[in-house]
Amino acid sequence: MIRFLQSKDNRLVKAIFIVIIGAAVITMVITLIPGIFQDAANTADTYATVYPHWYSRYTFTGEKVSMERVQEAAQEQLQRQRLPDFALPYMVQRAGQQLILQKLLLIQASRLGITANKDDIRNFLHTGQYGEFLFPKGQFIGEDKYRQFIGAQFNMSTDAFEKELMDSIIINRLRAFITAGVTADDNEIRDQYRKQNIKIKFDYAVISSDDLRKQINPSDAELQAFFTKNAARYANAVPEERKISYFAFTVDQIPGGAPKVSQDEIKAYYNAHQQEYSVPEQAKSRHILIKATGGAAKSDAEAKAKAEALLKQIQGGADFADLAKKNSEDPGSGAQGGELGFARHGTMVPEFDTAIFSQKIGDVKIVKSQFGYHIVQVEERQTAHSQPMNEVLPTIQATLIRQKEAQGESSYAQALTTEAAKNGVVELDLDVLLAVLVANPHPSRLTESYPVCLTELRPSPRPSPSK
């Protein structure tokens, strides 16, 4: 074999052998070295990768479905369907499958030459469901308002929105292309029509229960035998009856009149409930959020550069609130000039929490969190303290008055119950009596709310077979 390869007259054969040996070497490398052709970017941030061709895995040209996009889609579906948070894992799986299917459809559309462009997007927005908002009276509202509308409605940048809209247009065109040539013959149509419109005609007779009763005439012996056999069934057939003689009173009729609260009582209550009036440390701040991903910025570096540029404008005297309204990608606070109000320790993400409780009041700095870059300004900070008594005075007064009213009602109801018992009225449970009297201060309304009450008790009559 070696002499054969060393021969000068077999160049073609040598070339063939070199190709075969090279292919064998490559195959061994692919087989024996796992992960050699794995895409380095295919990390935990990637939910799935769709490869349009068999060789795409080795040329790193797969279409990636990011975990972040899957999470966003799952959250949107969760909120739209008003499902509890524990349903999120199911929604993540569902959203991931939908996005993979979308990638597959887009790949197939690309193979068939089905595309869309900016004009298609503009025409869709002009004539679709958002036309009246984006093109009132046929006139475009302008880029700034368009950007604000998309951010408020979809919480995404215009570029991301238009990309998704273009994909949707392409997929709809693919579906139309596939179904345009679908036909059905007359027999299939006829069978389907029959299944959907078949009707059944039948005869029926209406039987009256009154007519049946006239034809059934059981004897006394039959009735007695049935009653004896089913005695347990009729043990409580006739309910117990109760009749009440009542009296009612209002809070104004309690001896001593309306209760009053002294200053000493208020002070004692305040001292005994200090824990209820403690206020923890809190900070008031505002921010401008520039998202590192999923926003207008195409990369982390671009988002950071934009945040630094806005910081320089603020340090140069620009209005913070105005810049927040125009640039913040936080839909909740952006429209409010970035205002977040007071926040306690631990209610914000760790990086933001550290900044607002350590940064000097009035200073403006950039903080990075999982959401992106925050341009943060601390406006005010309050140390942990207790609310002074004059602030909570009305609340304490109302609480003490309600307590005294309840005590007065209970005592007066007990006195009335004792007096009634002396006069031969059956004594009611005090809690029941108090509930009835307080809820129904007007006697004319009592029988409406409590048609069956208690003082005169009659045992249930025993049913007889004839009944």
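The values are calculated or read from the model by the stated rules, or taken from the named source; none is laboratory data. Worth saying up front: this structure is predicted, and the values here are computed from it rather than measured. In this analysis, Cβ positions are derived from the backbone assuming ideal geometry, glycine residues included, and neighbour counts consider all displayed protein chains. For accessibility, only protein heavy atoms count, side chains too; no ligands or nucleic acids. Shrake-Rupley method; radii C 1.70, N 1.55, O 1.52, S 1.80 Å.
Taking the listed residues ALA324, ALA296, ALA301, the one that is over 25 Å from the mean Cα position of the chain (by Cα), without any contact (Cβ under 8 Å) to a residue 40 or more places away in the chain and open to solvent by less than 60 Å² (accessible area, probe 1.4 Å) is ALA324, with no other qualifying. Would you please name the residue that is farthest from ASP159 (Cα to Cα), looking only at residues in segment 304-321 that are in contact (Cβ under 8 Å) with a residue 12 or more places away in the chain and open to solvent by 70 Å² or more (accessible area, probe 1.4 Å)? Only one residue fits best here, namely GLN315.
Which residues, counting only those in segment 257-293, are closer than 30 Å to TYR373 by Cα and open to solvent by 40 Å² or more (accessible area, probe 1.4 Å)? The answer is PRO280, GLU281, LYS284, ARG286, THR293.
Does ASN236 meet the test of being farther than 30 Å from ASN117 by Cα and touching a residue at least 24 places away in the same chain (Cβ under 8 Å)? Yes, satisfied.
Can you name the residue in segment 85-136 that is among the charged types (D, E, K, R) and within 17 Å of GLU63 (Cα to Cα) and is also most open to solvent (accessible area, probe 1.4 Å) among such residues? If we take residues in segment 85-136 being among the charged types (D, E, K, R) and within 17 Å of GLU63 (Cα to Cα), then ARG111 is most open to solvent (accessible area, probe 1.4 Å).
Summed over segment 76-97, residues that are within 17 Å of ALA160 (Cβ to Cβ) and modelled with pLDDT of 85 or more total 1.
Whenever a residue of segment 406-429 is within 30 Å of VAL261 (Cα to Cα), its partners that are surrounded by 13 or more Cβ atoms within 10 Å (Cβ to Cβ) and at pLDDT 75 or above, lying with C-beta atoms within less than 7 angstrom and at least six residues away or across chains, give the pairs GLY408/ILE254; GLY408/PRO259; GLU409/ILE254; TYR412/ILE254.
This table checks each residue for (1) hydrophobic (A, V, I, L, M, F, W, C); (2) out of contact with any Leu (no Cβ under 8 Å at 6 or more places or on another chain); (3) open to solvent by 100 Å² or more (accessible area, probe 1.4 Å); (4) modelled with pLDDT under 80.
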{"position": "ASN155", "(1), (2), (3), (4)": "no, yes, no, yes"}
{"position": "ALA160", "(1), (2), (3), (4)": "yes, yes, no, no"}
{"position": "MET166", "(1), (2), (3), (4)": "yes, yes, no, no"}
{"position": "ASN197", "(1), (2), (3), (4)": "no, yes, no, yes"}
{"position": "ASP211", "(1), (2), (3), (4)": "no, yes, no, no"}
{"position": "PRO218", "(1), (2), (3), (4)": "no, yes, no, no"}
{"position": "ALA232", "(1), (2), (3), (4)": "yes, yes, no, no"}
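Criterion first (part of a loop (DSSP other than H, G, I, E, B) and either more than 18 Å from THR46 (Cα to Cα) or under 25 Å from the mean Cα position of the chain (by Cα) (or both)) does LEU83 satisfy it? So LEU83 fits the description; yes.
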